[in-house]
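Here's the structure we're looking at; comments come further down.
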Amino acid sequence: PPLFCLPLYSLLSSDKQKRVFEPVPDGCRLCVIATNVAETSLTIPGVRYVVDSGREKRRVHDPVTGVSQFIVHWISQASADQRAGRAGRVQAGHVYRLYSSAVFADLEKFSTPEILNKPVDQLVLHMKSMNIVKVANFPFPTRPDGDALEEAEKRLIRLGALEVGIKNKLKEARISALGKTLSMFPLAPKFAKMLVMANQSGLLPYACTLVAVLSVREPLIPIYSLRGETNEETQAKMLAALKQRRAWCVQGQARRFGDLAVLLNAVLASLAEKGSEEVCTRYGVRHKALSEVSKLRLQLINLINSLCQLKQTIAIDPSLPPPSETQIRMLRQIVIASLSENIARRVESSTTNEETPKGAYECQKLKDHVFIDASSVLYKDEPDWILFQ
């Protein structure tokens, strides 16, 4: 029988994800092409056969640069067994592995522990808050890389969360007053600092929204990914969304705020109009991501109200207006102070050679050049300095 193929991955809209559970057309066989979201997150009824590529896209953190990226890796034996278990849940089934038994034998038994694949800044800060000064000497069940711990301490010192004593020894750095405040938040220290600074400036509602947006993976629909879209109505909607994005940062402080101005305005506009799928499409926002942002923003506000014991509790107006020029300028200062590790400078044309591509940027902590993504509103501007996440 002909195959009825459906995709399944985490960023797919909820409606399209639900299609894998619906009856297939008569005379067809369902074929789901899935990422490892189908490995543990859900069970598709009636699946008899699984074709396992032996690969997965895994988030890998560079402890030295502090940059995380998704890289395709071989899975572990435990993951392979889990995938095999998806076949024949309700009836007899079989798994076809696209790799030999020799390759399977060489796979790691288990996936790398999460503590080795994520920034340890928050971990180090919490340990310092418990007066564990020499973090490197702590008997971890799974010990993080020594360089990762050292770089985390350096970042926390630059953030102002740790202080070096008279002897100027990195390993003896102690937590500062700011660090004690940051350690109260179950967030990356850089995001916690944004909230603390925003509280001092009266910009907490905007900062909570911004932190929520930056914590969610790909909140905006990448317009360039729809170039092959044949539906004229969809094309028209995406072009309208692109036009709106450019309008949000056409001049003034918003222009200098770049993609963050687009993210903030797109989310605020969508939430102000109840965040329906139609509204999200109009502004080019992923409906699923908007729901996550809304929930996370509420959690942040509740957390701040419970931790800070303010005289007057903070609440976010559902129809929070876009920030003014002055507010955007202050938000820019807050973001720069909190994410100063990720500043890059454009390579001057006079210093470039044939091997240096046009539009290249250099960053102190990276050996290779970085470039502005084609989806950015600053792609054609090529500003002298950029800040990236």
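What follows is calculated from the coordinates using simple rules that are stated; it is not laboratory data. In this text the structure is predicted, and so the values were computed from the model without any measurement. No Cβ is skipped: glycine too gets one built from the backbone with ideal geometry, and neighbour counts run over all protein chains shown.
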Most fluctuating residue given options Leu195, Leu366, Leu290, as computed from a GNM of the chain linking Cα atoms under 10 Å: Leu366
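Let a ≥ b ≥ c be the square roots of the eigenvalues of the Cα gyration tensor of region 234-389; is it rounded (a/c under 1.5), or, if not, prolate (a/b larger than b/c) or oblate? All intermediate terms of the calculation are to be shown ahead of the outcome.
Working: a/c = 2.32, a/b = 1.46, b/c = 1.59.
Judged from the Cα gyration tensor, region 234-389 comes out oblate (a/c at least 1.5, b/c at or above a/b).
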What is the calculated FRET efficiency for Lys57 to Asp26, with r their C-beta to C-beta distance and R₀ = 51 Å, to the nearest 0.05? 0.90
Shape call for region 339-389 from the C-alpha gyration tensor, a ≥ b ≥ c root eigenvalues: rounded (a/c under 1.5), prolate (a/b greater than b/c) or oblate? oblate
Suppose each label sits 7 Å from its Cα in the direction of the beta carbon; what would the Gln333-Glu163 distance come out to in nanometres? 2.4 nm
What is the distance, in nm, between label points placed 7 Å from the Cα along the Cα-to-Cβ direction at Lys18 and at Ser111? 2.7 nm
What's the magnitude of the charge dipole for region 3-112 around its Cα centre, counting Lys and Arg as +1 and Asp and Glu as -1 at the beta-carbon? Answer in Debye, nearest 20. 160 debye
Nearest-0.05 FRET efficiency for Asn302 and Ala374, computed from C-beta distance (R0 30 Å): 0.20
Over the chain, the sum of -39500 (n - 2.57) across DSSP H runs of at least four, divided by residue number and rounded to 500 deg cm²/dmol, gives at 222 nm -12000 deg cm²/dmol
If every Lys and Arg gets +1 and every Asp and Glu gets -1 at its Cβ, then about the Cα centre the chain yields a dipole, in debye to the nearest 20, of 780 debye
Along Cα→Cβ, 7 Å out, is where each label goes; now give me the distance between the ones at Gln251 and Asn137 in nm to one decimal. 6.2 nm
List the residues whose amide H sits under 5 Å from the amide H of Arg97, counting only those 5 or more places along or on another chain, with H placed 1.01 Å from N in the peptide plane. Asp52
Net charge near Gly284 (other residues with Cβ under 9 Å of its Cβ; Lys, Arg +1; Asp, Glu -1) is +4
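Which length gain, in nm to one decimal place, applies between Asn199 and Thr43 when the Cα-Cα distance is subtracted from 0.36 nm times their residue separation?
Working: separation 156, 0.36 × 156 = 56.16 nm, distance 4.39 nm.
Residue separation times 0.36 nm, minus the Cα-Cα distance, leaves 51.8 nm.
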Using a Cα-Cα cut-off of under 16 Å, which lysines could be cross-linked to Lys380, ignoring same-chain neighbours fewer than 8 residues away? Lys243, Lys358
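Let me have the relative contact order for region 117-183, percent, based on Cα pairs under 8 Å that are six or more residues apart. List each step's numbers first, then the result.
Details: 78 pairs, mean separation 24.8, N = 67.
The value is 37 percent.
For region 87-165, which trypsin sites (Lys or Arg not before Pro) are in a loop by DSSP, counting at most 14 other Cβ atoms within 10 Å?
Details: sites: Arg89, Arg97, Lys109, Lys128, Lys134, Lys154, Arg155, Arg158; in loops: Arg89, Lys109, Lys134.
Filter output for region 87-165: Arg89, Lys109, Lys134.
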Name the aspartates and glutamates eligible as straight-distance cross-link partners of Lys134: C-alpha to C-alpha under 18 Å, and not fewer than 8 places from it in the same chain. Asp121, Asp145, Asp147, Glu150, Glu151, Glu153, Glu163, Glu172
How many angstrom lie between the C-alpha centres of region 1-27 and region 169-205? 44 Å
How large is Rg/Rh for region 117-174, to two decimals, with Cα atoms and a Kirkwood Rh? 0.93
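Which GluC sites (Glu not before Pro) in region 320-389 pass both tests, a DSSP loop state and at most 10 other beta-carbon atoms within 10 Å?
Details: sites: Glu325, Glu341, Glu348, Glu354, Glu355, Glu362; in loops: Glu348, Glu354, Glu355.
Of the GluC sites (Glu not before Pro), the ones in loops of region 320-389 whose Cβ has at most 10 other Cβ atoms within 10 Å are Glu348, Glu354, Glu355.
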Under the Karplus relation with 6.51, -1.76 and 1.60 and θ = phi - 60°, whole-Hz ³J(HN,Hα) for region 327-341, x at Gly and Pro, equal 5, 5, 4, 5, 5, 4, 4, 5, 5, 5, 5, 8, 10, 5, 5
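Residues with beta-carbon under 14 Å from that of Val335, excluding Val335: net charge, scoring Lys, Arg +1 and Asp, Glu -1?
On the way: positive: Lys190, Lys193, Arg256, Arg329, Arg332; negative: Asp259, Glu341.
Result for the neighbourhood of Val335: +3.
Defining a contact as two alpha carbons under 8 Å apart and six or more residues distant in sequence, what relative contact order in percent does the chain show? Numbers along the way, then the final one.
Values: 508 pairs, mean separation 43.2, N = 389.
Relative contact order of the chain: 11 percent.
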Among the lysines, which have Cα under 29 Å from the Cα of Lys57 when same-chain residues fewer than 8 positions away are ignored? Lys16, Lys18, Lys109, Lys118, Lys190, Lys288, Lys295, Lys365, Lys367
Would you please give the residues with an amide H less than 5 Å from that of Leu30, counting only those at least 5 places away or on a separate chain, with H modeled from the backbone geometry? Phe4
Among (i) 36, 33, 20; (ii) 35, 25, 19; (iii) 37, 30, 23, find the value of semi-axes √(5λ) of the Cα gyration tensor in Å that was calculated from the structure presented, and write down its label. (iii)
What are the ³J(HN,Hα) values, in whole Hz, obtained from phi via the Karplus relation 6.51 cos²θ - 1.76 cosθ + 1.60 with θ = phi - 60°, for each residue of region 36-47 in sequence order, with x given for Gly and Pro? 6, 5, 7, 6, 9, 6, 8, 10, 8, x, x, 6
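Please give me, ordered by residue number, the GluC sites (Glu not before Pro) of region 36-141 that lie in loop per DSSP and have at most 16 other Cβ atoms within 10 Å.
Filter output for region 36-141: Glu108.
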